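Undergrad: Okay, handing you the structure first.
The values are calculated or read from the model by the stated rules, or taken from the named source; none is laboratory data. Please read all numbers here as calculations on a predicted model, not as lab measurements. With ideal geometry, Cβ positions are generated from the backbone for all residues, glycine too; neighbour counts draw on all protein chains shown.
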Amino acid sequence: MCWGSANFKPIWQTRAVVNINVQGKKYPATDPYLVGREKIREFASAVFSTSATSHDVDAAIAAGYADLVAPPTFAVVIQERSLHTVLADPEADIDFSRVVHGDQRFVHKRPILAGDELTSVLEVASVKSLGAHSMITFNTEIFDSANELVCTAISTLVVRGGE
Amino acid sequence: MSTKHIDINSLTVGDLIGSRTFTFTRDSLVRYAGASGDFNPIHYRDDFAKSVGLDGVLAHGMLTMGAAVQVAIDWAGDAGRIADYGVRFTKPVFVDAAAGASVEVTGKIGEIKIDEALVRIDLTAVCADLAVLGKAQAWVRL
């Protein structure tokens with residue numbers, strides 16, 4: 001998600017943009033997401049990837065992987081599931097019609113592979129004021145079915161202040 | 001791990017590793033929306049984009065981020081070698097309904113950690129003479 005998200009409200013509805021008290025808040029693990037081969041191929045094509053290990057199972061296996069390799073930014077799909085739990089949280093009170101994606105980072109312990117069943121746990125790392133705007137940083141840890149950390153996704157959203 | 005082998009000792013900071021021009025059309029945005037699940041209408045509806053104060057439909061920042069790293073992936077030989085990848089979204093990429101938008105991505109070697117077999121690729125992404133990503137850095141495991 002960037003430059004706004006699914007939950008649109010008219011731009012003239014102004015209010016405090018983020019509740020500072022959610023800093024440090026952890027959200028419960030999402031339901032498992034089963035990574036499918038066709039989803040990896042679809043996502044890889046959408047980001048203009050021609051990498052053989054993301055499209056061709058034999059090439060992935062020849063390169064030493066158990067199955068197709070997801071592009072590194074595929075982790076955003078899992079991050080989104082956690083972000084939706086924040087969206088639905090009245091305490092956070094984030095007006096997503098005012099959100100702009102500030103920055104994004106993925107730290108991979110290993111690549112995401114087809115067949116992975118992934119859950120994610122999101123923590124609000126920080127809430128900062130920047131003039132009329134707020135900056136909120138989320139750390140989303142993504143785990144496999146053995147509960148091993150696969151990837152940490154770090155996302156900063158800028159929430160524009162009211163006029 | 002991969003069939004491609006790059007000798008880390010042969011690399012020098014500043015070396016150009018590759019460049020690629022991506023043409024984003026409205027089709028690309030719809031395709032990315034479906035693949036990622038981000039169906040924000042600012043990425044496909046002009047009327048909606050204008051109603052929230054934008055000049056027009058713009059590309060998902062995550063599409064630009066995801067495409068840009070392909071330069072590092074193509075060089076490294078496979079997507080599984082990207083250990084760490086971060087960007088800042090500095091400017092929106094407006095995608096004209098007819099003409100689309102061109103994003104030119106260039107990758108250079110920014111840092112080499114021989115002991116850890118890690119190389120940092122610094123990416124630039126330019127659209128209409130503006131840098132649309134800032135501090136775009138991908139650490140590649142060799």
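Undergrad: Report, by residue number, each residue of the stretch B:24-40 that is within 8 Å of another protein chain (Cβ to nearest Cβ) and either farther than 13 Å from A:E42 by Cα or touching a Leu at 6+ places or on another chain (Cβ under 6 Å) (or both).
TA: Answer for the stretch B:24-40, where residues must be within 8 Å of another protein chain (Cβ to nearest Cβ) and either farther than 13 Å from A:E42 by Cα or touching a Leu at 6+ places or on another chain (Cβ under 6 Å) (or both): B:Y32, B:D38, B:F39, B:N40.
Undergrad: Another question about this same structure. Looking for whichever is surrounded by fewer than 21 Cβ atoms within 10 Å (Cβ to Cβ), at the interface with chain B (Cβ under 8 Å from one of its Cβ atoms) and free of Cβ contacts under 8 Å to residues at least 24 places away in the same chain here; the options are A:S54, A:S45. Which one fits?
TA: Going through A:S54, A:S45 in turn, just one is surrounded by fewer than 21 Cβ atoms within 10 Å (Cβ to Cβ), at the interface with chain B (Cβ under 8 Å from one of its Cβ atoms) and free of Cβ contacts under 8 Å to residues at least 24 places away in the same chain: A:S45.
Undergrad: B:R81 - would you say it is closer than 19 Å to A:L157 by Cα, at the interface with chain A (Cβ under 9 Å from one of its Cβ atoms) and either touching a Cys at 6+ places or on another chain (Cβ under 7 Å) or not aliphatic (A, V, I, L, M) (or both)?
TA: No: the conditions fail for B:R81.
Undergrad: Looking at (1) in contact with a Gly (Cβ under 6 Å, 6 or more places away or on another chain); (2) in contact (Cβ under 8 Å) with a residue 40 or more places away in the chain; (3) not hydrophobic (A, V, I, L, M, F, W, C), which is the only condition B:D84 fails?
TA: (1)
Undergrad: From the list B:K135, B:K113, B:K91, pick out the single residue that is of a type outside the set (S, T, N, Q) and either at pLDDT below 95 or over 26 Å from B:D55 (Cβ atoms) (or both).
TA: Criteria check complete, one pass: B:K113.
Undergrad: Sort out which residues of the stretch A:85-95 are surrounded by fewer than 19 Cβ atoms within 10 Å (Cβ to Cβ) and under 25 Å from B:M65 (Cα atoms), and write them in order of number.
TA: Within the stretch A:85-95, A:T85, A:L87 meet the criteria.
Undergrad: Just to be sure, is A:T73 part of a helix (DSSP H, G or I) and surrounded by fewer than 18 Cβ atoms within 10 Å (Cβ to Cβ)?
TA: Considered against the rule, which asks whether it is part of a helix (DSSP H, G or I) and surrounded by fewer than 18 Cβ atoms within 10 Å (Cβ to Cβ), A:T73 comes out as no.
Undergrad: Another one. How many residues are outside any helix (DSSP H, G or I) and more than 18 Å from B:R20 (Cβ to Cβ) if we restrict to the stretch A:23-58?
TA: Counting residues in the stretch A:23-58 that are outside any helix (DSSP H, G or I) and more than 18 Å from B:R20 (Cβ to Cβ) gives 15.
Undergrad: I need the full set of residues from the stretch A:81-124 which are within 13 Å of chain B (Cβ to nearest Cβ), part of a strand (DSSP E or B) and over 22 Å from B:H60 (Cβ atoms), in order please.
TA: A:L113
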